[in-house]
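The values are calculated or read from the model by the stated rules, or taken from the named source; none is laboratory data. Since the model is a prediction, treat every value here as computed from it, not as a measurement. All Cβ positions, even for glycine, are placed from backbone atoms using ideal geometry, and neighbour counts span all protein chains on display. Just the protein is used for accessible areas: all its heavy atoms, side chains included, with ligands, DNA and RNA removed. Shrake-Rupley method; radii C 1.70, N 1.55, O 1.52, S 1.80 Å.
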Amino acid sequence: MKIAVAGTGYVGLSLAVLLSQHNDVTAVDIVPEKVEIINNWHSPIQDEYIEKYLQEVSFDTIRERLNESQGYTIIVELKDGHWYATNIIRGVGYEDDQTFVFFVENVDEQMRQQSELKRALKDAEVATNAKTEFLSRMSHDIRTPMNGIIGMTRISKAQDNPPETIRCLE
C-alpha cells in the first residue's frame, strides 16, 4: 500500500517510520534532513511502545478492529515526554472500500490528569488504611479501660455505700 505522510515532526516522522516497515511511504517536509531520518529508520517513539504500535497500525489489525467497532485509539509516549493518541476510525462507505481516517492528537493534558487521578486514588487508599488502623487501635485502647471502669462500678454497687455514692454510681 502507498502512503504519504505530510510533515515529519515527531508525530509525522514516527508514523512514517513505523508504517514504512510494511508499506511504501513517501514523506514530504520543508526540511530535507527530516525526510532523510526516515531512510535511516529512526523514531522518536520510546522503544517499548514500538512493537505494540506496529501491531496496532498494521492493516490487518486495523481491518480487524474496524470490523468490530467504529474506531479505536492508540496512545504512545514520545522520547521527549509528550503523549499522542493515534485515532483510527471508519471512513464513509467503509463496508464497501474499507477506507479509514487516521489522525493524531496531543494528549499531554489528559495523561497528566490521569496521572493525578491515579496518585489521588493511591493517597486516598493510604489515608483509608491509616484511618482503619487508627480506629482499630483506638477501639482497643478505649474498650480495655472501659471494661475496667464498668467492672469496678458493678463491684462498687454491690457494696453498702452511703446515699451520695449510690447516686454517683447510678
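Among the residues of segment 84-121, those that are in contact with a Phe, Trp or Tyr (Cβ under 7 Å, 6 or more places away or on another chain), within 16 Å of residue 70 (Cβ to Cβ) and among the hydrophobic types (A, V, I, L, M, F, W, C) comprise 88, 89, 100. Listed by first and then second residue, the pairs with beta-carbon distance under 8 Å, at least 6 apart or on different chains, first residue in segment 87-109 and in contact (Cβ under 8 Å) with a residue 60 or more places away in the chain, second open to solvent by 40 Å² or more (accessible area, probe 1.4 Å), are 104/84.
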